[in-house]
Structures are given as C-alpha cells and as structure tokens.
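Reading through the structure tokens given below for one structure.
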Amino acid sequence: MGLKVAETFLTNLNYWWGAGKGPILVVCYTNHALDQFLEGILRILKVLNPKEEPALIRVGGRSKCEVLDQFSLHKKRITARRMRTFNSGFREAEYEAVSSVRELESERSAIIGEAVGFGNLEGIYHSCVEC
C-alpha cells in the first residue's frame, strides 16, 4: 500500500511539490522492510526517469541488498571525497598548464622582439653597406 502512495507522489511531483524537488523520508520498522520499499521506489524512479540516476540515499549500514549498496550514505560520502580529490588535482593541473602557457607566451614575445630588432639591424647594415 505504501509503495502505491509513493508511486502516486512520484508520478505527480509537479502537483504537490512545485518544481518536483525535495526529499521523501521513508522510515520502516526493519532494515529488510526498508530495503524492499526502497527497491520498489528505485524501480519506479527508473521507469519515470530512465536516463537519470535515481536520487536516492539509504541511511544505515545493515542493508543486505546489493542493488541498494550504491545508494548508501557511506558510498555517497566516499564518492564525494574522491570527486573533491579529483577536482583538486584537476585544478592543480589546470593552474600548471595556464602557468606554462603564460611562460611560453612571454618567451614568444621576447623572441619576436628580438627578431624585430634583428630585422632592424639588418636594414641598418644594408644601408651602411650601400654608403
């Protein structure tokens, strides 16, 4: 019965929650009951939005359901830490790349300046030879 109510809510999100964003808190007496209920919600979410990853988080560590393992708060926290580490490394690499590009542009400007100066000297040399 509860799963049908949840399905009705999820199917009609825009009518009862405006933009369709917000949590639904599910509390069950046993972990097994919670796992079964969340598996049902997961199936509903995949049918409603097959292209999106379901926004589902299971709090607690006693789930025996492998399907819900990826949605545990513990796994989400580990993934978030990895992403912060990855983004941090990415920012460092980006900074180094930008610094290298600036250094190369500076060297290029110096070389072009020398080439222009050399071109002027060559012109002066030719005018002196003609004298």
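Numbers at a glance
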quantity	calculated
Segment 46-83, residues that are under 26 Å from the mean Cα position of the chain (by Cα) and among the basic types (Lys, Arg)	Lys46, Lys51, Arg58, Lys75, Lys76, Arg77, Arg81, Arg82
Some residue of segment 56-70 being at pLDDT 80 or above, surrounded by 11 or more Cβ atoms within 10 Å (Cβ to Cβ) and in a helix (DSSP H, G or I)	yes
The lone exception for Trp16 - which of (1) at pLDDT below 80; (2) under 16 Å from Gly61 (Cα atoms); (3) of a type outside the set (D, E, K, R) it fails	(2)
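Quick grid of which residues meet (1) at pLDDT 80 or above; (2) among the small types (Gly, Ala, Ser); (3) within 22 Å of the chain's Cα centre (by Cα):
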position	(1), (2), (3)
Gly22	no, yes, yes
Leu38	yes, no, no
Ile44	yes, no, no
Thr85	no, no, yes
Glu96	no, no, yes
Val101	yes, no, no
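The values are calculated or read from the model by the stated rules, or taken from the named source; none is laboratory data. Predicted, not measured: the structure shown is a model, and the values here were computed from it. So basically every Cβ, Gly included, is an ideal-geometry build from the backbone, and we count neighbours across all protein chains shown.
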